[in-house]
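Report on one structure; see the data block that follows.
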Amino acid sequence: MGTLSNLLIPAVLFFALGFLARAVKSDLRVPQDLAKMLSIYLLMAIGLHGGYELGKAELTTAFNAVLWAVVLGFVLPMVGYILLLITRRVDRMNAAAIAAHYGSVSAGTFLTAIAYLDNIGIEYESYPVIMLAVMESPAIIVGLLLASWSRQRLAVTGGGNSAGVAVMQSGNGNGHLSSIVREAFTNGSVILLIGSMLIGAISSPGSMVKLFPFIDEIFMGILCLFLFEMGMEAARRIREFRKVGAVLVAFGLIMPLIGGAIGIAVGHYALGLSIGGTTLVAVLGASASYIAVPPAMRLAVPEANPSFYLTLSLGITFPFNVVIGIPLYHYFAALAAA
Amino acid sequence: MGTLSNLLIPAVLFFALGFLARAVKSDLRVPQDLAKMLSIYLLMAIGLHGGYELGKAELTTAFNAVLWAVVLGFVLPMVGYILLLITRRVDRMNAAAIAAHYGSVSAGTFLTAIAYLDNIGIEYESYPVIMLAVMESPAIIVGLLLASWSRQRLAVTGGGNSAGVAVMQSGNGNGHLSSIVREAFTNGSVILLIGSMLIGAISSPGSMVKLFPFIDEIFMGILCLFLFEMGMEAARRIREFRKVGAVLVAFGLIMPLIGGAIGIAVGHYALGLSIGGTTLVAVLGASASYIAVPPAMRLAVPEANPSFYLTLSLGITFPFNVVIGIPLYHYFAALAAA
Amino acid sequence: MGTLSNLLIPAVLFFALGFLARAVKSDLRVPQDLAKMLSIYLLMAIGLHGGYELGKAELTTAFNAVLWAVVLGFVLPMVGYILLLITRRVDRMNAAAIAAHYGSVSAGTFLTAIAYLDNIGIEYESYPVIMLAVMESPAIIVGLLLASWSRQRLAVTGGGNSAGVAVMQSGNGNGHLSSIVREAFTNGSVILLIGSMLIGAISSPGSMVKLFPFIDEIFMGILCLFLFEMGMEAARRIREFRKVGAVLVAFGLIMPLIGGAIGIAVGHYALGLSIGGTTLVAVLGASASYIAVPPAMRLAVPEANPSFYLTLSLGITFPFNVVIGIPLYHYFAALAAA
Amino acid sequence: MHRLFPEKLVTIITSDVLEDRLVASVRNRGASGYTILRARGAGSSGVQSGMLDIDTNIKLHVIVPPQRLSGLLDDLERLMHKGYHMTVYVSDVSVLGPEKYETSMY
Amino acid sequence: MHRLFPEKLVTIITSDVLEDRLVASVRNRGASGYTILRARGAGSSGVQSGMLDIDTNIKLHVIVPPQRLSGLLDDLERLMHKGYHMTVYVSDVSVLGPEKYETSMY
Amino acid sequence: MHRLFPEKLVTIITSDVLEDRLVASVRNRGASGYTILRARGAGSSGVQSGMLDIDTNIKLHVIVPPQRLSGLLDDLERLMHKGYHMTVYVSDVSVLGPEKYETSMY
Ligand SMILES: Nc1ncnc2c1ncn2[C@@H]1O[C@H](COP(=O)(O)O)[C@@H](O)[C@H]1O
Ligand SMILES: Nc1ncnc2c1ncn2[C@@H]1O[C@H](COP(=O)(O)O)[C@@H](O)[C@H]1O
Ligand SMILES: Nc1ncnc2c1ncn2[C@@H]1O[C@H](COP(=O)(O)O)[C@@H](O)[C@H]1O
Ligand code: NA
Ligand code: NA
Ligand code: NA
């Protein structure tokens, strides 16, 4: 299954090192803005690269990929929402906020998957990169719609203490939905990623070549540094799992498996991608956002507790995907192709 | 005129993307120190590169270039000061502070011009880099002298509310001028740029080769990131143009044209540079500082309103030069050469 | 003796430039986190690189190198402690804290030495990199033991005002020594350096190749930037030398010579390294830590004055080694080999 | 001291996603300016390590003349009732140059 | 104003190596949260330029109900007696939503 | 509480280009130390986004014994009269270890 070879990629090893450093309570002080800077770099590099490749891609498949990305972005949060309500461990507002994270994606996980595939020499298409860019927004929208709807239900049934106030707020402006959509599409990382893709697609090839040392050659090193820090953050978050409770932790492990399975179906059957491409779509389905979605939820669903969604997406699902999920999805993608 | 091809350089496109991101009020949060770090890198890289090239340059032309840089740095602020007084929209202190910015240069604009020339395959000499390094200081000195002189005039005529106090202060120390000059030459970016040039010039070629991946290969990518952020800053500043008023905005568009024209004259006739070199000198003349001069003015001319000079140099002149000015100056440089 | 050629390496020149910038009181504002980020990069790069090389190294020599690193880490602080007590200019607590710095190493000095050797084309082994990684911890432990012992002595003799309290604190927990050791080994830079070495050693060669542009090619440029900032910090610290006093300054110049001499003995006679390798071991012996040890001392030896150890290691010994020490140790290493 | 004049200093500590809203409110309530510091911390909504975009706090200071305090506090209370987690406190300060705090931001 | 309630604000300025200890103490003393800002400065232990890991300060704020103040100050005094250099001061603030500061961090 | 002693806390918010001057003044006026935080904000001199070297603010804190307050305020007033934009306020704080604030920086 290649788990071992996965674990010997520097990117994954640095994730583990960061995790370990925090776990042994090392006094390692990482500058506050390092992860933020690295993630700006990664979004820019992945966007430019993807856009450049897409300039050469087939339009029909690209269009299909976008379509399916939207479908995934809409369907996965609903699956997650229902699952969470079934657990009865969180109220509707928290369920909506958590679910939104699973409809979106984690660029860090996606890039680790690419490093994994590169390492074992497996080819992949460039379509998943567009899907990565597209999937952020629908999930945010669904999350906000679910929250809005839950707020109304809570107001009707009288549950939730602050819900009454909240629904009044959201009810008395009919520009509400439009502002939700606006927020989802002006999300910082969406703009940077889609903008970089466009730039990569329309820039003259000659000028793009000058960017390759920056976006290509030093990429893997920067990814290592980024994952090192994310390992530290994951370790910080995983400590809070007790607050979250075993049932929610189980959700954080099962939901990526569901998302991964749906992703394999979409990648292999709907888009007809190769094993590598299918693996990447599975990773898109399986991973949970920790960059674009949390601020959107914090702003629009203040009733939800950030500890819940951050611990789940960053402390549980992220490490699971990086260490176990990726080789697993690859294994099943290969199975589907066989 | 190549405007279109200008707009398809990644560097310019990233400037536009940053501008757009802020214009649509995206929530993109860029770490506070990113632009500062990138600009340290850019000054270091441009200095090392320029110094390395200058090691091979002709001494007479280099000397001439320095001389003309000093002339430009002295003349342009005076032109600007007179123009501004004619508009009657700002008092003398603000006029002095604004004018100083136009005698200095913008490294970001200069580098965009280099990317533009590289992209369309036009050669250029290395002398403009020395001029870039030299032009910061004279403009600061002229600005401070103009301010000092205005302060005395205001004190005599009794205009300006805080001027009376200010002139007493500046009058009673005859080390005043020397401290002005000192400040102009120990300005942080001047030291970094000139120091890097010296290092580039005296280092052994073998050791310089080891620096090229850092200062050359990843340069364009870092410039893109820098311009992305500067696009955001320009958009933030341009919003304040209403405070500044239409007449000042017009100054922010006309002054670079004047500076560009003078720059073309200097580049082509006085220094005998190629089309590419002349374009770069035009850009030096046309661009306004937003790194070295503003802090100097804030410290030495506290009576001037920073909103004015920052909005003009960063919000008006900078975007104008990057998008329209550069191809324009190139067009006229070619015309002059023909 | 190659001093001149040493001074023409960009890395050393940037150190000088930073020093000069601060000395002329330039207003250059460097972002607070830049040095911290650069030093994370340097530790990671040096670790990966060293680990990769060590994968191919002889196990016996590697083991011997570790052993001698431990010996150096234990012996040098004791030498320093005794020397400092002889000067009678600092109390025992300060002597312990200062001495610990000299048993540890400065990665910046080590890397400058590598740049120096590279520049003059001298080969060196990779064992000193392991020694670099190993030497941080023992020195911290010895420092804390010396402090603990001094605290007890002071408590007995009744010297030192806060010592009585302190000894009570450290006495009433028998987990004390283990917590000292724990702190020394979970020190952030130790973890990052040793972790990166392990990753470099166990990663597949194919995946390591992808990291080389990041850890190798841009390395020298980043080192220059780092030394530029460290030059500024050294200049800031050297100003405080008057507080420290001439005798302590002399210690800051003599102690590296002693450490360098011991290092040459170890490198040449005990480990049988080449001239280059011996020079690097000398640098390990001569250099004083300013990354790992100061926070450990501040936390565990609060009675010592940070001004003392920071001024000595950063303001005196560091510049001495960079400018004079390295070529000197190289000269003597060559002499020993001849 | 005759040159020091009493004003109210309002301090707000919360997630940085609220920055735009808070600044808008401060502007609307006629404050003459505001100051923002970056912060991290912990509280009822968990640890805010400040390492990621998603868990960074800000600390916002506004000096307002006593008579404008009430409106600003109304806004803040409304946000808290909606569910936003905020630490809000008021302290007494004595300013140099009180006229500065009378003119609202343009 | 009826909605503002008096609390004590403890501020601690010291080297960031003490952060973990201070946070532990704040938690143990039942504070409902804390806020940390990065700082630099100078004092009896020299200049803290904030440029290196080794000379960065933090400024820690804790709001505590008056009755919990004393225990926290005990801890801080103990650290100061051990030799740690710290600037510690207490100020009076009036908070919105005082119940927030009663529940200690979980 | 017998162990807390009253001091004056002076806070200055202004552009970071003034840092060296303010620190010099604080030293000359015999303060025992100072603390600087990085800030951004807005006021009569426009928005200070903190993104560029040219629009970053600092927030400077100085604790001084009441009798040394006046001289420091004189300096600050002089700067303000020259045209520098600054927010300056004084608050009452109670410190642990008051002797610390008596000795001026060496
Ligand atoms: N007792 C407290 N003292 C100081 N700061 C606090 C306190 N409680 C909360 N905070 C700050 O306010 C933020 C939001 O708090 P909370 O709403 O409790 O999550 C926290 O992240 C802390 O930075
Ligand atoms: N008088 C003061 N006013 C404000 N901050 C101070 C003062 N004295 C010390 N500090 C701060 O407290 C830190 C530790 O001070 P010290 O223990 O005196 O070295 C310094 O680095 C400053 O940030
Ligand atoms: N009313 C206020 N409350 C808090 N901070 C302010 C206020 N007015 C100004 N400031 C701060 O002081 C700086 C200088 O203000 P000004 O002199 O008005 O431009 C601003 O950039 C703000 O950070
Ligand atoms: Na997903
Ligand atoms: Na100009
Ligand atoms: Na040593």
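Of note:
- Answer residue from region B:272-290, given it is within 17 Å of the chain's Cα centre (by Cα) and either of a type in the set (Val, Ile, Thr) or within 14 Å of chain F (Cβ to nearest Cβ) (or both) and is nearest to ligand 4 (Cβ to nearest atom) among those: B:TYR290
One line per residue, one yes/no per condition, for (1) touching a strand residue (DSSP E or B) at 6+ places or on another chain (Cβ under 9 Å); (2) within 29 Å of C:MET208 (Cα to Cα):
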position	(1), (2)
A:GLY206	no, yes
A:ILE215	no, yes
A:LEU225	no, yes
A:LYS243	yes, no
A:ALA250	no, no
A:ILE262	no, no
A:ILE275	no, yes
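- A:LEU335 more than 24 Å from A:LEU146 (Cα to Cα) and free of Cβ contacts under 8 Å to residues at least 12 places away in the same chain: yes
- For region B:42-79, the candidate set comprises residues that are of a type in the set (Phe, Trp, Tyr) and touching a helix residue (DSSP H, G or I) at 6+ places or on another chain (Cβ under 6 Å); within that set, the residue that is nearest to the other protein chains (Cβ to nearest Cβ) is B:TYR52.
- Residue among D:TYR84, D:TYR101 that alone is within 24 Å of E:LEU60 (Cα to Cα), more than 10 Å from chain E (Cβ to nearest Cβ) and aromatic (Phe, Trp, Tyr): D:TYR84
- Selection count where residues are crowded, with 20+ Cβ neighbours inside 10 Å, outside any strand (DSSP E or B) and out of contact with any Gly (no Cβ under 8 Å at 6 or more places or on another chain), scope region F:84-100: 1
- Taking region F:1-72 as the region of interest, the strands (runs of 3 or more DSSP E) fully inside it that hold 1 or more residues being within 10 Å of the chain's Cα centre (by Cα), more than 16 Å from ligand 4 (Cβ to nearest atom) and within 12 Å of chain D (Cβ to nearest Cβ) are F:4-15, F:34-43, F:57-64.
- For A:PHE214: the one exception among (1) outside any loop (DSSP other than H, G, I, E, B); (2) at pLDDT below 95; (3) not β-branched (Val, Ile, Thr): (2)
- Enumeration of residues in region B:205-262 that are within 14 Å of chain A (Cβ to nearest Cβ) and over 20 Å from B:ILE114 (Cβ atoms): B:MET232, B:ALA235
- Residue identified as buried (at least 24 other Cβ atoms within 10 Å of the Cβ), within 14 Å of ligand 5 (Cβ to nearest atom) and at pLDDT below 95 among B:ALA288, B:ALA292: B:ALA292
- Region B:120-152: number of residues that are within 27 Å of B:GLY272 (Cα to Cα), assigned to a helix (DSSP H, G or I) and more than 22 Å from the chain's Cα centre (by Cα): 0
- Of the residues screened, A:ALA265 is not one that is farther than 25 Å from D:GLY43 by Cα, part of a helix (DSSP H, G or I) and either within 13 Å of ligand 4 (Cβ to nearest atom) or among the β-branched types (Val, Ile, Thr) (or both).
- Enumeration of residues in region C:84-113 that are within 16 Å of ligand 2 (Cβ to nearest atom) and either within 15 Å of C:ASN321 (Cα to Cα) or among the small types (Gly, Ala, Ser) (or both): C:ALA97
- Residue in region C:314-322 that is of a type in the set (Val, Ile, Thr), part of a helix (DSSP H, G or I), closer than 24 Å to C:LYS243 by Cβ and more than 16 Å from ligand 6 (Cβ to nearest atom) present: no
- Every residue from region A:13-33 that is of a type in the set (D, E, K, R) and either on the phi > 0 side of the Ramachandran plot or more than 7 Å from chain C (Cβ to nearest Cβ) (or both): A:ARG22, A:LYS25
- Residues of region A:39-56 satisfying the condition of being of a type outside the set (Phe, Trp, Tyr) and within 26 Å of D:LEU52 (Cα to Cα): A:SER39, A:ILE40, A:LEU42, A:LEU43, A:MET44, A:ALA45, A:ILE46, A:GLY47, A:LEU48, A:HIS49, A:GLY50
This table checks each residue for (1) free of Cβ contacts under 8 Å to residues at least 40 places away in the same chain; (2) within 29 Å of B:GLY277 (Cα to Cα); (3) within 21 Å of the chain's Cα centre (by Cα).
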residue: B:TYR52; (1), (2), (3): no, yes, no
residue: B:GLU58; (1), (2), (3): yes, yes, no
residue: B:THR61; (1), (2), (3): no, yes, no
residue: B:VAL66; (1), (2), (3): no, yes, yes
residue: B:GLY73; (1), (2), (3): no, yes, yes
residue: B:VAL79; (1), (2), (3): no, yes, yes
residue: B:LEU84; (1), (2), (3): no, no, yes
residue: B:ARG88; (1), (2), (3): yes, no, no
residue: B:ALA100; (1), (2), (3): no, yes, yes
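- Look at region B:137-158: where a residue is charged (D, E, K, R) and a partner is at pLDDT below 85, sitting 6+ places away or on another chain with Cβ atoms under 6 Å, you get B:ARG151/B:ALA163; B:ARG151/B:ALA166; B:ARG151/B:VAL167.
- Qualifying residues in region B:302-313 (those that are touching a Ser or Thr at 6+ places or on another chain (Cβ under 9 Å) and within 8 Å of chain F (Cβ to nearest Cβ)) - the one farthest from ligand 3 (Cβ to nearest atom): B:GLU303
- Only listed residue being in a helix (DSSP H, G or I), among the polar types (S, T, N, Q) and under 28 Å from D:ARG21 (Cα atoms), chosen from A:SER189, A:SER196: A:SER189
The values are calculated or read from the model by the stated rules, or taken from the named source; none is laboratory data. Because the structure is predicted, anything quoted here is derived from the model rather than measured. Methodologically, a virtual Cβ is constructed for each residue, glycine included, from the backbone with ideal geometry; neighbour enumeration extends over all protein chains shown.
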